[in-house]
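Working notes, structure below.
What follows is calculated from the coordinates using simple rules that are stated; it is not laboratory data. Since this is a predicted model, take the numbers as computed values, not measurements. Cβ coordinates were reconstructed from backbone atoms using ideal geometry, including for glycine residues, and neighbour counts include every protein chain displayed.
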Amino acid sequence: MKQLIICITTLFIYTISLQAELPVKHVLTLELAKKIAQKAEIEANSRGATVVIAVVDDGGHLILLERLDNTQVASVDVAIGKARTASIFRRPSRVFEEQVKNGRVAAISLPGATPLQGGIPIIVKGEVIGAIGVSGNTPMEDEDIAISAASVASPASDNQ
């Protein structure tokens, strides 16, 4: 009986210590993805922009996609690619476009990278929880819309 009590106590203490070591991970919920996409849509409409808005999780998997009226169909895959790039590489997709422009053509061959401006990571408390990709207008306008929308999840004070 004494051995059983010691065994149970040891197991209990071990379980508690394991739980204390588990990290806390922030995740991009569908609710937050909808708020981000809504902000992007409002921003796009205020500019008269026709764009596709893609929101992905931290692994680059699509959570939400919107194609505003009269937006070219080709922008669907491009928006998803921009968002996926920003999410899995944890930086704006513009970084890869600039590398290519500056002569680092090898950046084109990175698996999963879409080297086009318009993908922005979604950051909460310094942690990338997903990304938004916008495509359909000029590269700068796509990125501006994405930055505006991503700010819904990551106010400036949260990024420190």
Check your understanding: Roughly how tilted is helix 139-150, in degrees to the nearest 10 and between 0 and 90, from the longest Cα axis of the chain?
Key -> 30
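Where a ≥ b ≥ c are the square roots of the eigenvalues of the C-alpha gyration tensor, would you call the chain rounded, which needs a/c under 1.5, or, failing that, prolate if a/b is larger than b/c, or oblate?
Numbers: a/c = 3.04, a/b = 2.16, b/c = 1.41.
It comes out prolate by the Cα gyration axes.
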Check your understanding: What is the Cα centroid distance between segment 17-92 and segment 94-160, reported in whole angstrom?
Key -> 10
Check your understanding: Roughly what angle does helix 30-47 make with the longest principal axis of the chain, taking Cα atoms, 0 to 90 degrees, to the nearest 10?
Key -> 20
Study note, to complete from the structure: By Cβ neighbour count within 10 Å, fewest first, M140, M1 rank M1, M140
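Considering Cα pairs under 8 angstrom that are at least six residues apart, work out the relative contact order of the chain and quote it in whole percent. Write out the running numbers ahead of the final one.
Numbers: 327 pairs, mean separation 37.6, N = 160.
Reported as a whole number, the value is 23 percent.
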Revision key, fill the gap. Surrounding charge for K101, neighbours by C-beta under 15 angstrom, Lys/Arg +1, Asp/Glu -1, total -1
Review point. What is the sum of charges around V78, taking Lys and Arg as +1, Asp and Glu as -1, for the other residues whose C-beta is under 15 Å from the C-beta of V78?
Key: -2
Point to revise | Nearest 10 degrees, 0 to 90: helix 2-21 Cα axis against the chain principal axis | key: 20
Review point. For the chain, modelled as a GNM with alpha-carbon contacts under 10 angstrom, which of K34, K125, K101 fluctuates the most?
Key: K101
Check your understanding: Given the options A37, A146, A106, which has the most mean-square fluctuation in a GNM of the chain, springs set between C-alpha atoms less than 10 angstrom apart?
Key -> A106
Check your understanding: What's the tally of Lys pairs in the chain whose alpha-carbon atoms lie under 28 angstrom apart, where the two lysines are 8 or more places apart or on different chains?
Key -> 13
